[in-house]
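Quick notes on the structure that follows.
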Amino acid sequence: MSTFRSFVLPVLLALSAAGGLARAQDSVTLVNGDRLSGKIASITAGGVVIDTPAAGTVTVKVDQLAGITTAGPLRFATASGDRFEATVTGVKDGQLTVSGASGSRTVTAADLVEWKPEESWTGSITAGLALTSGNTDRRNANAAAEVIRRTEDTRLTVRGTWDYGEDKATGAWVLTQRRVFGSGKYDWFFSKKTYLYGQVTGEYDKFADLDLRLTAGGGLGYQLYEDADFALQCEAGLTYFDENRITGVDDEYLAARAAYRARWTINDKVTLLQDGEFYPSVEDVADFYARVDTRVRASLTSAMFAQLQWILDYDNTPATGFDRQDHRILASVGWSF
């Protein structure tokens, strides 16, 4: 049961985020009195595109609008190059009333164009430190970094983490934690939401008898949802999986890969992020590895945040004498760019 909870609870966090967002709907009122509810995908000079549960995707011309409201912010781009995020509270004579970080204003719908990702670099760096002295002498440190380059058709993601810990016993410091993880991933979008990906990861963990866990593979991904408040992507593919042990028996196999990544901006201060990867062997059902990374971030300034992180690593066939599950709970401070 404990293993079941370890996997189900993190996934439920992501699903509850999606469910919470789904309950908040946008609405469009037409001049003939009809009303559409759902999720507005875009607003441009060509009209409002809204995804509705009953009628599917519907495009409404701006001159047919009598009212419009959005439950959360949308991304806007103008022909002159202005880009911003704002909620829509009304429309009249082709003028949208929007509210964003700079306050309320009106925007001419005829000036709006399709929002496309800019060629830009974004990312974050986090670091944490814990020191204890007295009856217990202990020192722990952790650091992580993520860099993403996004263009209209591609997305490059590079990530790395480092964990280190020592306890002092009988006058000497004894190593208790040394773990390093890194990954590189490239996505190529051949449609607005569908992409091919290739990924390589590497991990070292002294206290899991792991000299190198290497994965390399690729597959198909789908961006289920992406806006300022919520994003969810899912992936499936094949991966070469190779585990080199420090003292134990090495293992390698071809694995299927299923993964997801979710981001939920709960409010202007708190964001929930979760990544899950699952690697069942296609050669031996007993060989199974999974990793779930859950983070809660609270903004301190426009660029600085506090983060609480829970990482679960599960190896169904660990080295002899080692546990299947590894749990880490980390507190850190980070900077985004």
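Assorted remarks:
- Sites Val158 and Leu30 - FRET efficiency at Förster radius 45 Å, r taken between beta-carbons, to 0.05: 0.45
- Candidate lysines for bridging to Lys192, where Cα separation is under 28 Å - those fewer than 8 sequence places away on the same chain excluded: Lys39, Lys61, Lys116
- Relative to the longest principal axis of the Cα atoms of the chain, the long axis of helix 2-23 makes an angle of roughly 10 degrees.
- Note that the range 254-271 has calculated 3J(HN,Hα) couplings of 8, 10, 6, 9, 10, 8, 8, 9, 10, 9, 10, 7, 5, 8, 6, 10, 10, 10 Hz, one per residue in order, obtained from phi through the Karplus relation 6.51 cos²θ - 1.76 cosθ + 1.60 (θ = phi - 60°); glycine and proline are x.
- Kirkwood hydrodynamic radius over Cα pairs of the range 118-336, then Stokes diffusion coefficient at 20 °C and 1.002 mPa s, in µm²/s: 114 µm²/s
- Computed over the chain, relative contact order equals 9 percent, with contacts defined as Cα pairs under 8 Å that lie 6+ residues apart.
- For the pair the range 264-286 / the range 71-126, the C-alpha centres are spaced 30 Å from each other.
- Our note on the geometry: Cα centres of the range 151-173 and the range 218-242, 23 Å apart.
- J(HN,Hα) series, the range 147-157, from Karplus relation 6.51 cos²θ - 1.76 cosθ + 1.60, nearest Hz, glycine and proline x: 10, 10, 10, 10, 10, 4, 10, 9, 8, 10, 10
- Karplus-derived HN-Hα couplings along the range 108-114 (A = 6.51, B = -1.76, C = 1.60, θ = phi - 60°), whole Hz, x at Gly and Pro: 7, 4, 5, 8, 7, 10, 5
- Tail beyond 19 Å, pair distance distribution of the range 18-113 (Cα, percent): 35 percent
- Asp250 paired with Arg149, simple spin-label distance in nm, labels 7 Å along Cα-to-beta-carbon: 3.3 nm
- Note on Val333/Ser102: beta-carbon distance plugged into 1/(1 + (r/R0)^6) with R0 of 22 Å gives a FRET efficiency of 0.20.
Since every read-out is calculated from the coordinates, none of them should be taken as a lab result. Predicted model, so just to flag it, every value in this text is computed and none were measured. Counting neighbours? That spans all protein chains shown, and the Cβs are built from the backbone with ideal geometry, glycine included.
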